[in-house]
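The values are calculated or read from the model by the stated rules, or taken from the named source; none is laboratory data. Computed from a predicted model, the values in this text were never measured in an experiment. Methodologically, a virtual Cβ is constructed for each residue, glycine included, from the backbone with ideal geometry; neighbour enumeration extends over all protein chains shown. Accessible surface is based on the protein model in full, side chains and every heavy atom, while ligands, DNA and RNA are left aside. Shrake-Rupley method; radii C 1.70, N 1.55, O 1.52, S 1.80 Å.
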Protein chains: 2
Amino acid sequence: MSGLIEHTLRGTWTPSGAAAAPLSPRALRWLRQRIGLAETTTPAVPTSLLEVPDSALPDAAREDLVAVLGAEHVRTDAAARLARAGGMSYTDLVRRRSAAELAVPDAVLLPADPEAVQAVLEVCVRHDVAVVPFGGGTSVVGGVDALRGSKAAVVALDLVRLDRLVSLDPGSRIAVLQAGTRAVEAESLLGAQGFTLGHFPQSFERATIGGFAATRSAGQASSGYGRFEDMVAGVRLATPAGEWRLGVAPASAAGPDLRQLAVGSEGALGVITEVAVRVRPAPEHSRYEAFVLDGWQSGVDAVRVLAQGRVLADVTRLSDVDETEVQFELAGAWKVSALRAFLRSRGVRRPCLLVLGWDAASRSELAQRRAATLRVLRGTRAVRLGRAVGENWRSHRFAGPRQRDALLDRGVCVETLETAAHWSGLSELRSAVRSALVRSLRRDGADPIVMCHVSHAYETGASLYFTVLAARDEQDPLGQWQRAKRAASDAIAGRGTITHHHAVGADHLPWLGAEIGAVGEAVLAAAKRAVDPTGILNPGKLVGPAR
Amino acid sequence: MSGLIEHTLRGTWTPSGAAAAPLSPRALRWLRQRIGLAETTTPAVPTSLLEVPDSALPDAAREDLVAVLGAEHVRTDAAARLARAGGMSYTDLVRRRSAAELAVPDAVLLPADPEAVQAVLEVCVRHDVAVVPFGGGTSVVGGVDALRGSKAAVVALDLVRLDRLVSLDPGSRIAVLQAGTRAVEAESLLGAQGFTLGHFPQSFERATIGGFAATRSAGQASSGYGRFEDMVAGVRLATPAGEWRLGVAPASAAGPDLRQLAVGSEGALGVITEVAVRVRPAPEHSRYEAFVLDGWQSGVDAVRVLAQGRVLADVTRLSDVDETEVQFELAGAWKVSALRAFLRSRGVRRPCLLVLGWDAASRSELAQRRAATLRVLRGTRAVRLGRAVGENWRSHRFAGPRQRDALLDRGVCVETLETAAHWSGLSELRSAVRSALVRSLRRDGADPIVMCHVSHAYETGASLYFTVLAARDEQDPLGQWQRAKRAASDAIAGRGTITHHHAVGADHLPWLGAEIGAVGEAVLAAAKRAVDPTGILNPGKLVGPAR
């Protein structure tokens, strides 16, 4: 148990067992030259140097919580609290590195089951203590920042002990999982019975089932398996207004789909304690391969044709010219010059990498689905690169967060952001965000690297995922990124959604009104008042006012 | 214009141009024998005999409404008001036949655009007048009953003049349609540009786009095209709290999906004025064919295997033994005894009819999709009946409501109800509802005919659609059905959803709490207060208290 709990104590992403991803000297040289990086290194400070304020949890509240959970599950030590001080955004990592002021919860609560979560909420209502539900701690939008709002104290409600597969209905293909179950563990529990969830976001190595539901997560294979909200058959929440269970049928016309209000509720409308998810037979076979399109627009057109032809591979990922270049340069798995020469011989001057991956229960199903995709792809100008590049992408699919630590050590400002729009507005959205990021991160004549890919495609549109690499402003690293993020978010507002799969959290809250309108904000606020009349649940996230 | 407006003046379903569906003497004989029907006929009374109370709309309200809409679009004559007095449930039809007391609106408002709808709401708030949004008037759950709640007057807000295709974005495959556009007209507008919506509920001949969205409609081809909520890319509503627009991207993690709160809001959370829908290329080819399974469970298993194999035909419809028998007996399109002999020769003693239909843009797409379905179907024990039976079903696909008028004339109590559940609970749900209906409609030793089919299948479960034929209790026809409906709804509660695609309306409201919980009801009530603080919108529907 304690191993599980300590698992979330981290200054870096790297989970135990997974290798960190250092930069090769070649990659580092290339990067220095591209973004004008200094030759210094700025490693993380030891956790012991971070200043942790004393716990502000009133004694009376602490006593009542201990009565519910037991003393060992009400932690007020600095290590436990520090481990739940925010998520994994660049801003979070910089704060943790530089001993800047962190929002540290006053205690960490570790309930073991849904009933204990409900009891904890009742205690917190009574003592007017703010509650931040905490899963894998992988939020990159300030979703688990220990903000206290108007409350005197704030606790992190860590769901790590809610880690059971409650039930599996193989005929209906529905599994009920407790919210704190990590994705890795869920796959293992389901895999033992021949099933998979098929949800593989980049946070896969740490994130939890409850976190996926709370944030409307999308995974790398969502083109095939659906977004997380598509998998949610039912949900159980603890709220100050009482327990709430939803999901008696696959579809219903019994009013609005309130499951879709619970999914994406970000801990502000209740604490998700169990999720009933649709599962599928674990695939026995898979195949990943790569293609190249010439230029962004022909790449987007190809993905659109696949989506509208309803023959998307489970993984469908198109990189723009900049991201393709970085992948070619940094991967080191192939000879870049030979690759370029080959592509030029096929008429491709501005390569955009398209990775397609299929999972299937049988060889014949895989062959049929792949054939259907390739039949439609033949109508585009895609050039085949083969399996090696596809499998290379696959083997590094969860490495991004680990690479980030290596980049941070080298003085790089590295962060991602994402959005989505309908097809007809996608290119304008990409240009606007790209320009905003380049303009705001240009320093001493050196431009940042701004990469973009489509990772999720729909019949009506697609997502855009941006990765930024810039030389860090060591004087004001937080301000540097906050200005860039603000510029990008302003560019997104009115053109696309402020987030396709990272959630609102604290960071996107100022732009939510532009997307859902004043009426939408009023409806969310009213729903919150109904379930959480005293406002203890995750203050400053999803529902205004912003911090 | 007036033609369109008068289109909704009806005592029967039959739209102009469509043929009524009289019963053949053979079918009538069979029916009499089966359900113990008297030889009397009970035709509808002329509309002119129905009593219409005087309009209770205050003069001051009327004057303000006339100022906004013009006098010709504020109708208080008996004919216009009677035409919007309720929907098309059996109860509605019986009320209209027997001159029983109808809930008649005090006026009919006919705005021409979203701005006028918004202006109407502001007038109605000012004068505290209840507003019932009205589309095709095909609700079978009391969704358009002119209930006045606590208000002194109630108006029907008929959206028939909002009938435009506002825009079409062919690249994104999104069409924006005004809410009052009838499905038939929408198909015609889209078809002229090569697209289809693909939404074909049995109400297709009358229902509107706004009604589909307000009720979370599902159509006969929803297995292929998706339920209506899957098609909604965006929505525009008029509310007393102001205009509300949603839907900037195909998917989003910007908090709960509020589109899914607007879809299914049944006029109680706003008046839907425009819907952005996902469209698809109009199919050039189609094929409908029939199969037979031996017994309900093997039929359900076959449909489940198709759904979980993700190779469902666009139309997938499985009838139980009773419904199959009625279809064989009443259709008259083939020799029943020869058919039965053929089936017995193939080992089928308890035939359950399975109709599959595919729509496709090309012959090769149709062939590929059909081959994928049949490949999986081969693993079941389905016996092929061929195209004639499939095409026969297709040609009568919208005839149900018209047949109902003929049955009513003959003294039959005829009504439908529907639910859905996960696969593992489906058979118990069917048995429980069936028993409840048979028990409560048994009269003088004669059992009703209770038929059931699966019309919508999902990976995790399916819908059940029941049709009831019983000899009408001429002394208390309303009470007879209300008791049966109550028994069926009690049987559904806890086993499935109270409605898979008919909405809550007034009729299902008493069972909504069992499905969404007290917290769910509180959230809906809070959302309503946020958008409709004085409660003018569709009183007594969706949000309690029940009438």
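Just a few scattered comments:
- Residue in region B:494-517 that is hydroxyl-bearing (Ser, Thr, Tyr), within 20 Å of B:Phe228 (Cβ to Cβ) and not in a helix (DSSP H, G or I) present: yes
- B:Ser362 being without any contact (Cβ under 8 Å) to a residue 24 or more places away in the chain and either at positive phi or open to solvent by 10 Å² or more (accessible area, probe 1.4 Å) (or both): no
- Residue among A:Ser167, A:Ser217, A:Ser188 that alone is of a type outside the set (Asp, Glu) and crowded, with 24+ Cβ neighbours inside 10 Å: A:Ser217
- Meets criteria (farther than 30 Å from B:Gln480 by Cβ, among the β-branched types (Val, Ile, Thr), in contact with a Lys or Arg (Cβ under 6 Å, 6 or more places away or on another chain) and open to solvent by less than 30 Å² (accessible area, probe 1.4 Å)) for B:Val155: no
- The listed residue being among the charged types (D, E, K, R), in contact with a strand residue (DSSP E or B) (Cβ under 8 Å, 6 or more places away or on another chain) and within 30 Å of A:Ala175 (Cα to Cα), out of B:Glu428, B:Glu418: B:Glu418
- Filtered residue count, region A:38-93, keeping only those that are charged (D, E, K, R), open to solvent by less than 20 Å² (accessible area, probe 1.4 Å) and either in a loop (DSSP other than H, G, I, E, B) or modelled with pLDDT under 95 (or both): 2
- Note on region A:303-351: among residues that are in a loop (DSSP other than H, G, I, E, B) and closer than 30 Å to B:Asp359 by Cα, the one that is farthest from the chain's Cα centre (by Cα) is A:Gly309.
- No other residue among A:Leu258, A:Leu306, A:Leu237 is open to solvent by less than 10 Å² (accessible area, probe 1.4 Å), away from chain B (no Cβ under 12 Å) and not basic (Lys, Arg) apart from A:Leu306.
- Exactly one residue out of B:Pro477, B:Pro545 is under 30 Å from A:Gly517 (Cα atoms), modelled with pLDDT under 95 and either more than 8 Å from chain A (Cβ to nearest Cβ) or touching a helix residue (DSSP H, G or I) at 6+ places or on another chain (Cβ under 7 Å) (or both), and it is B:Pro545.
- Scan of region B:94-122 for residues that are farther than 29 Å from B:Leu177 by Cβ and in contact (Cβ under 8 Å) with a residue 60 or more places away in the chain, ordered by number: B:Val94, B:Arg95, B:Arg96, B:Arg97, B:Ser98, B:Ala100
- Scanning region B:507-532 for residues that are more than 10 Å from chain A (Cβ to nearest Cβ) and under 22 Å from B:Arg148 (Cβ atoms) returns B:Asp507, B:Pro510, B:Asp532.
- All positions within region A:207-222 that are of a type in the set (Val, Ile, Thr) and assigned to a helix (DSSP H, G or I): A:Ile209, A:Thr215
- Inter-residue pairs, beta-carbon under 6 Å, first in a helix (DSSP H, G or I) and in region A:393-422, second crowded, with 19+ Cβ neighbours inside 10 Å and β-branched (Val, Ile, Thr), 6+ apart: A:Trp393/A:Val355; A:Arg404/A:Val414; A:Leu407/A:Val414
- So A:Glu115, is it in the same structural domain as A:Gly267 (by TED's automatic domain parsing), out of contact with any Leu (no Cβ under 6 Å at 6 or more places or on another chain) and not in a loop (DSSP other than H, G, I, E, B): no
- Residue match in region A:199-220 (condition: over 14 Å from the mean Cα position of the chain (by Cα), more than 28 Å from A:Glu115 (Cβ to Cβ) and of a type in the set (Gly, Ala, Ser)): no
- Taking the criterion of being open to solvent by less than 10 Å² (accessible area, probe 1.4 Å) and facing chain A (nearest Cβ under 7 Å), the residues of region B:496-506 that qualify are B:Gly496, B:Thr497, B:Ile498, B:Thr499, B:His500, B:Ala503, B:Val504.
- Matching entry among B:Ala85, B:Ala79, B:Ala71 (being over 23 Å from B:Gly142 (Cβ atoms), of a type in the set (A, V, I, L, M, F, W, C) and out of contact with any strand residue (DSSP E or B) (no Cβ under 6 Å at 6 or more places or on another chain)): B:Ala71
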